[in-house]
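Q: Let me give you the structure first, and then I'll get to my questions.
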Amino acid sequence: MDIVQKLVSGFALDLGPLKEPLGFIRVLEWVFAIFAFATTGGYSGSTHFSVKCTDKELEVNPTFGYPFRLSADSYKIPSCNDSKVFTDAYLQGDFSSSAQFYVSVGVFGFLYCTATLILYLGYQNIYRQTTRGPIVDLVVTAAFAFLWLVSSSAWGKGLTDVKWATNPDHIVEVCAPICTPGEYPSMGRLNASVTFGFLNLILWAGNCWFIYKETPFHKDPNPPATMEEGGVPGP
């Protein structure tokens, strides 16, 4: 209870940091982190091919989505002899590790941005008066920049594999020659997710400089003049 009271009593809302690079870039990181994990985690799509029989053509639409454990996504291939008979088939590949790692980085990055924005806007005096706060912030921000690099690269490779595994030209190989490829799955949202990942990398890496300027390691190149340094005393 005492801790809560101290937090409430020490809170003083100040929107000034949003006008500075430190706060403004943190808001951008918060927004782009949401875009990164939302475009990936909420994805659901389908691929298409046709089974050509003598007197008819049957459509097959295998579906897939996050976390892209495609080997668990089954679909049914109809029989030309009997429309009530189906053959079970599965998409190939498991790309859940890279996708879930990428989404996890996005979610934790969003949570960290939320916490630091509260600190910047409500406890700015405490943040700047202590040397520990900016140093911890710098280390965590640099760690997230590295995680964005690794996760975005891994997910970019994973997305390339997902495109290959869901390519109708590849899928029809299981029922050739009676199957023909159809419409390709829409991947624009997933392409955007990779772009958001590398944009986050740029934002988090660039923000390290502005956080570094808040640490005691950064020295002001133009310190205020003192009387010993030739300053002119006031009247």
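Q: Sorted from largest to smallest, which semi-axis lengths in Å does the alpha carbon gyration tensor of the chain give for its equivalent ellipsoid, taking the root of 5 times each eigenvalue?
A: 56, 17, 12
Q: Ranked from the most accessible area to the least, with a 1.4 Å probe and all protein chains present, what is the order of Y102, Y112?
A: Of Y102, Y112, the descending order of accessible area is Y112, Y102.
Q: Follow-up question, since we're still on this one. If you average over every viewing direction, what projected area does the convex hull of the Cα atoms of the stretch 45-129 give, in nm²?
A: Numbers: hull surface 33.3 nm².
With every direction weighted equally, the projected area is 8.3 nm².
Q: Evaluate the charge dipole of the chain about its Cα centre and quote only its size in Debye, nearest 20, assuming +1 on the Cβ of each Lys and Arg and -1 on the Cβ of each Asp and Glu. Display every interim value, and only then the final one.
A: On the way: 15 positive and 20 negative charges, 50 e Å.
For the chain, the charge dipole is close to 240 debye.
Q: A further question follows. Which peptide among 53-61, 141-149 comes first, and what is the full order, when sorted by highest mean count of other Cβ atoms within 10 Å?
A: Numbers: 53-61: 11.9, 141-149: 19.2.
Averaged packing, sorted descending, gives the order 141-149, 53-61.
Q: Related question: Quick one: pull the percent of accessible area on the chain belonging to carbon and sulfur, 1.4 Å probe, ligands and nucleic acids left out.
A: Reported share for carbon and sulfur atoms: 63 percent.
The values are calculated or read from the model by the stated rules, or taken from the named source; none is laboratory data. What you see is a predicted model; the values in this text were computed from it and never measured. Cβ: placed from backbone, ideal geometry, glycine included. Neighbour counts: every protein chain shown. The protein model used for the area step is the full one, side chains on, heavy atoms only, and it has no ligands, DNA or RNA in it. Shrake-Rupley method; radii C 1.70, N 1.55, O 1.52, S 1.80 Å.
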